[in-house]
Amino acid sequence: MSTARDMGLVTCTTCAKVWPMEQDRCGRCGHRLKSRQSNSLQWVWAFWFTGLLAYFPANLYPMLVTETLTGTQSGTIVGGAIEIAHHGDVGIAAIVLFASVVIPVAKFIAIAYLAISVQRGSAKRLHQKMHLYEVVEFVGRWSMIDVFVVAILSALVQLSVVASIHPGSAALTFALSVIFTMLSARSFDTRLIWDSHDARVSEPQ
């Protein structure tokens, strides 16, 4: 199996346009061309660990703080989903849990799996790994659903002295966790996946 690098070509990681290896910048988008991002995995792991560190307080501290005449109430992501389910909106609670817990955890696992497989030089299921990366990239934007809900509620539910809703401290850490995991995925050079195949083929028999 021949790669673009074997044929003297380099792919722009921004717009996917292919250019000759000797060209310095993409003629379509102006992005700098590199055959491989040599420090890709270092950036992947740096953003990954930072996102993981931000994810723990995002689930331990309040996501939403509601102030009324009778007092102040606050709730975590999971606690809020449970409260929604108790009011009969099981579907909405499931969506919140899926977007706020299942997707972020799955992203952490998927990115770590891809990075470790490249580090170990695994040449198995290369196409499946590419599909996995594409899924991670696609669903990444939907992980912000909790932050969007908090922002909308904070803007709409401002009833003067009657009630008000404010983002909790978890809103910031959750947003940071999502941002850093997205940066981690974006830092991953998918071309490294196919280098494992090239290395296996070039091994002496």
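Readers should treat all values here as calculations from the given coordinates under stated rules, not as data from a laboratory. Please read all numbers here as calculations on a predicted model, not as lab measurements. Note that we place each Cβ from the backbone using ideal geometry, even for glycine, and neighbour counts take in every protein chain shown.
Odds and ends about this structure:
- The simple spin-label model puts a point 7 Å past each Cα toward its Cβ; for Asp89 and Leu9 those points are separated by 5.0 nm.
- Stretch gain in nm, segment Ile116-Phe49, where the contour uses 0.36 nm per residue and the Cα spacing is subtracted: 22.7 nm
- Chain lengthening between Leu172 and Glu22 when straightened (0.36 nm per residue, less Cα-Cα): 49.6 nm
- Added length on full extension, which subtracts the Cα-Cα distance from 0.36 nm per residue, Lys124 to Arg186: 20.1 nm
- Near the amide H of Val10, within less than 5 Å, lie the amide hydrogens of Trp19, Met21, all on another chain or at least 5 residues away, with H placed in the peptide plane.
- Förster radius 25 Å - calculated FRET efficiency between Ile82 and Glu134, Cβ distance, rounded to 0.05: 0.15
- The Cα atoms of the stretch 70-140 give a gyration tensor whose axes a ≥ b ≥ c have a/c of 1.5 or more with a/b greater than b/c, which makes the shape prolate.
- Two-decimal Rg to Rh for the stretch 17-129 - Kirkwood Rh, Cα set: 1.18
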